[in-house]
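Reading through the structure tokens given below for one structure.
What follows is calculated from the coordinates using simple rules that are stated; it is not laboratory data. This one's a predicted model, so the numbers in the text were calculated from it and none came from an experiment. Reconstructed Cβ throughout: ideal geometry from the backbone, glycine too, with neighbour counts over all protein chains shown.
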Amino acid sequence: MEASRDAGGGGRRWGEVDGEAAEEGGGGAGREEEGGEVSLREWLDRPGRVVEAAECVHVFRQVAEAVAIAHAQGVVVGSARPSCFVVSPPFARVAFIESASGSDASSSCSGSDASDDADPDASPPRRGDGAGRGEVRGGKAFPLRSVLAMELNWYTSPEEAEDSGGSGSTFASDVYRLGVLLFELFCTFETVEEKMRAMANLRDRVLPPQLLHKWPKEASFCQLLMHPVPETRPKMSEVLQSDFLNQSRNNLEEHEAALRLREEIEEQELLLDFLQQLQTRKQGIADNLQDTVTFLSSDINEVLHQQSALGHCGNFSSDFDKEACSGTVEDQSDCGSRKRSRPELQGVDMDEQNRSLEECSRTVPSSVLIQESVLSKSSRLMKNFKKLETAYFLTRSKLAKQVGNQINSCHQVVKRATGSAVGTEGSSIDDFPLEGQYGRRQSGWVNSFLEGLCKYLSFSKLKIRAELRHCDLLNSSNLVCSAGFDRDREFFATAGVNKKIKVFEYNMIVNEYRDIHYPVVEMSNRSKLSSICWNSYMKSHIASSDFEGIVQVWDVTRSQVFVEMREHERRAWSVDFSIVDPTKLVSGSDDGCVKLWDMNKAGSVGTIRTRANVCSVQFQPDSARSIAIGSADHKIYCYDLRNIRAPYCTLVGHTKTVSYVKYLDASTIVSASTDNSLKLWDLSMSPGRIIDSPIQTFTGHTNTKNFVGLSISDGYIATGSETNEVFVYHKEFPMPVLAYKFNVADPISGHEIDDPSQFISCVCWRGQSSTLLSANSSGNIKILEMD
């Protein structure tokens, strides 16, 4: 036991655990505070209990009334001790938990002449609900058993202690016990030792000075109840009719009434607080809904305005339809008349003329075609309505944040200039200079979302255009790490762990069916290849990086290396040629270094040292002075190569390794990470060095440990997945637009199986087209097309 000492070196605090903690202890902690009942013994021994006279007298009266009822029936209680009563809130209601029978009384008082004779293992009476059990404070059991032994000694009257036969318990003995209870109710102690000394003195009717000074009336009544001569003690009827109890009854009733009133007020306050909180939340929802309806109306008006502006085109189209149909009829009649009047036309092919007439008869007005096209796309729109709704509100909220501050400042300027308030976002502000700028932003937003929506609905699936058939497809080391198209998109190359760069002719693969496709060029390397990149100017040049950290530039026409760079100390993951300056090359490695190379110079021309492995590097598309770096420390770094001491911008938001970085345009970057997400970053968003809020996060694919590829074409973002699927996103929407799963066939049965070990390892668009080259970890290469 860890004893707690007071300032004066006192003993253990009253109510703390000693070495004889009751085995059945526990379950009493905080029950009173939580609304449950506790034994009167626990209630009295609460550390720091504050004595409230009305409450204590109320408890005493209830115990006295219980004893008086027993006496009226001729029964000596004998066990009128705190451990035999329970107290329940809110008004300290007291209930007796032991049968007031003569046998119980005699058995409870037998052998109680001294504390040494008391049974320390005697268990208190218990209710089925656990009342009276030991209390737990701070995870330890309340010392109920040891206290019960002391309590039995304290509440034994002098006549009972002198009678060793156990027959000395009388009505007067119960009155004596009430005096001890009254003393405990009004006198509190800090330590066990203090209480034990006070209780020993109490047997001699010596009361502590603090009780005599603070509670003189209670002390006097206590001494009367504990008179050493049993016959001198008052009867229970006299106790109940005493001035001590009756004078305090009115005060007690007022106290209870005040407590009830306070409880009712608290309940009303609680209900009021709940209703106000509920009203605030619902009002917030209503305000948000009103804002949503406002900008929806604004966007609807903008679309209707654009439709109205295009109305004359629709009328022209309608007129054209009418003219086309009527012209067809006239042509038919003219043809017939010319046939009769001009014999030289008799030789015209009648079958061709009949086909033309049949096509004219089937001519459909463009409005009908538009309606049919809308209906065909509408079904897909409704199928993905919830996703599109989420994307709309997400993108719209970003617009509101971007223009909100500027609109507010313009509103204030206009208000100061005109002396009147300016309308809200949905109101008409045509008379103000703000309209032109905000209108352009609004129109830009609508057009941007419309463009994304059209591209989202333009394609419904990815279909196989061609499948590359290898002679070594069953080889276990066929994982394709990288692929790319040449400058004119006539050839594509693949490279991977088979240590080979294979160059294939695209048209031959797509247009000619063959059992086995052979590369037009095959170049072998000493180590596994991690990345390749074609030169945008020199059609026959292709750069590679490998697992030994070597960067090479190959001449495809000669099938050999003509430049080799050996400065990386560990595996090189990525290599990239500059589009603007094809003599510039950059590479990134596990050694944490990014090497800058010039094809016209020996050795690297610069080194960027980072704190983590470099997984991906790429030049800015319109500059040879800026690069982006994807790092294993979860960040993307953008460097100006004129100052490589520190990045000019750091993108923070991924939670795991950044495996790929690709420029969507000069100021927009797409990054891929093994945290199952792609992120779209706008470098112009923040003038500072750190951007921690991507403008879009794409999720839907699975990527937790492998390099699965990343490629961008005309706003479409392709990536692989560890579920052996290819996913295509569009920059405007966070959810996938299309997906295609590579089938895995059992080599024996030929049936499709699910192989969780296979994953997509690389993807590559064929320029700005809808054709996508993809490969998986088993070396299966497919040319897919959005349809």
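Details
- If R0 is taken as 22 Å, the Cβ-Cβ distance between Glu490 and Val605 corresponds to a FRET efficiency of 0.10.
- Rounded to the nearest 20, the Cβ-based charge dipole of region 523-588 about its Cα centre (Lys and Arg +1, Asp and Glu -1) stands at 160 debye.
- Taking every alpha-carbon pair within region 505-651, the share separated by more than 22 Å comes to 41 percent.
- Beta bridge orientation in region 615-663: antiparallel %, DSSP, nearest 5: 100 percent
- Measuring between alpha carbons in the structure, the pairs from Lys500/Lys662; Lys662/Lys705; Lys455/Lys662; Lys500/Lys539; Lys502/Lys539 lying more than 22 angstrom apart are Lys500/Lys662.
- Taking Cα centre as origin and charging only the Cβ of basic (Lys, Arg, +1) and acidic (Asp, Glu, -1) residues, the dipole magnitude of region 176-245 rounds to 100 debye.
- Three-way shape label, region 177-275, alpha-carbon gyration tensor, a/c 1.5: oblate
- Amide H within-cut-off set for Phe759, under 5 Å, with H built and near neighbours excluded: Ser777, Ser778
- The trypsin sites (Lys or Arg not before Pro) of region 575-660 meeting both criteria, a DSSP state outside H, G, I, E and B (loop) and at most 10 other C-beta atoms within 10 angstrom of the site's C-beta, are Lys601, Arg611, Arg642, Arg645.
- Residue pairs, from the table Lys282/Lys656; Lys463/Lys584; Lys679/Lys741; Lys601/Lys782, whose Cα atoms sit over 27 Å apart: Lys282/Lys656; Lys463/Lys584; Lys601/Lys782
- Using a Förster distance of 45 Å, the FRET efficiency for Leu450-Gln277 (Cβ separation, nearest 0.05): 0.65
- Shown is the FRET efficiency for Thr655 and Glu193, computed with R0 = 45 Å from the Cβ-Cβ distance and rounded to the nearest 0.05: 0.15.
- In summary, the convex hull built on the alpha carbon positions of region 492-555 has an orientation-averaged projected area of 4.6 nm².
- Principal axis extents of the Cα atoms in region 667-774, from largest to smallest and rounded to whole angstrom, are 60, 29, 19.
- Size-normalised alpha-carbon gyration radius of region 583-668, reference 2.2 N^0.38 Å: 1.02
- Annotation note: chymotrypsin sites (Phe, Trp or Tyr not before Pro) in region 480-525 located in DSSP loop regions with a Cβ neighbour count of at most 12 within 10 Å are Tyr513.
- Electrostatic dipole magnitude of region 506-546 [Cβ: Lys, Arg +1; Asp, Glu -1; Cα centre; debye, to 20]: 160 debye
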